[in-house]
Every structure is written in C-alpha cells, then in structure tokens.
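Presented below is the structure to which this report refers.
The values are calculated or read from the model by the stated rules, or taken from the named source; none is laboratory data. Please read all numbers here as calculations on a predicted model, not as lab measurements. Note: ideal-geometry Cβ built from the backbone for every residue, glycine included; neighbour counts use all protein chains shown. Calculation scope for accessible area: heavy atoms of the full protein, side chains included, ligands and nucleic acids excluded. Shrake-Rupley method; radii C 1.70, N 1.55, O 1.52, S 1.80 Å.
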Amino acid sequence: TTQHAHINSRILSKRSAFQQNLLPSTSSTSLNMAVTKETLTGAKEMIDKILHDKACGPILVRLAWHDSGTYDDSLSGKDWPAAGGAIGSIRFEPEIKHGANAGLVNAIKLLEPVK
C-alpha cells in the first residue's frame with residue numbers, strides 16, 4: 001500500500017544514514033576482528049541452546065526477517081553494509097522503535113549472551 005511504501009521509504013532513509021555514519025566499511029582497518037571457525041561454532045552452539053531452552057524460533061526468524069527487510073537492490077554494487085539487509089542495524093534506534101518491529105527487542109535480549 002501507499003502507506004507502507006512511505007514508511008519503508010522513511011526506514012530506508014534512516015537506515016542509510018545509520019549505515020553511512022555508524023558502520024565501518026569493509027575497506028576500513030577497524031574491521032580487523034579475527035573470526036575463527038571455533039568462534040563461529042561456539043556462537044552457533046549458543047544459539048542452538050537458546051532455541052532449544054527458550055523455544056523462541058519464531059521470534060528469532062521474525063527478527064532476521066525484519067532486519068533483512070530493508071535491503072536496497074539499487075545499492076547492491078556498493079561495499080558492505082551500504083545496501084542494507086541483514087546487517088544487525090535493527091538493534092539500534094530508530095529501526096528497533098518502528099511499529100512494525102514491536103516486540104523484537106525481546107528477541108535481541110535473548111541473543112545478548114552471544115557475542
């Protein structure tokens with residue numbers, strides 16, 4: 001609908017500003033974080049345990065869906081994270097405060113131990 005298009009346009013605009021100002025580009029030396037296979041395996045195991053213990057699969061799927069929902073294909077040729085998508089920006093304002101994301105702060109809280 002027209003209302004949804006307007007809302008999505010506002011989110012994209014704010015997300016774009018977030019991406020440009022707060023997230024480092026891949027060309028930046030600030031992304032020299034060592035991510036090992038063991039680190040990723042540990043994170044996966046922690047998430048598996050949260051999914052099992054809390055039975056929270058649906059809200060985590062919704063969180064991932066909403067985080068990826070503002071991907072802008074017209075920006076796909078740009079360096080990460082300029083095109084948006086599942087980049088974790090939903091954790092921050094104004095995106096987490098958007099009405100369509102109501103309740104997703106609870107999913108984020110579930111994932112806090114996984115860092």
task: Please find, within region 33-67, the residue that is nearest to Glu95 (Cα to Cα) out of those that are among the small types (Gly, Ala, Ser) and open to solvent by 60 Å² or more (accessible area, probe 1.4 Å).
output: Ala55
query: Is it true that Ser89 is of a type in the set (S, T, N, Q), open to solvent by less than 90 Å² (accessible area, probe 1.4 Å), more than 15 Å from the chain's Cα centre (by Cα) and farther than 23 Å from Thr41 by Cβ?
result: no
field: Residues being under 22 Å from Glu95 (Cβ atoms), part of a loop (DSSP other than H, G, I, E, B) and either out of contact with any helix residue (DSSP H, G or I) (no Cβ under 8 Å at 6 or more places or on another chain) or small (Gly, Ala, Ser) (or both) - total across region 68-77
entry: 3
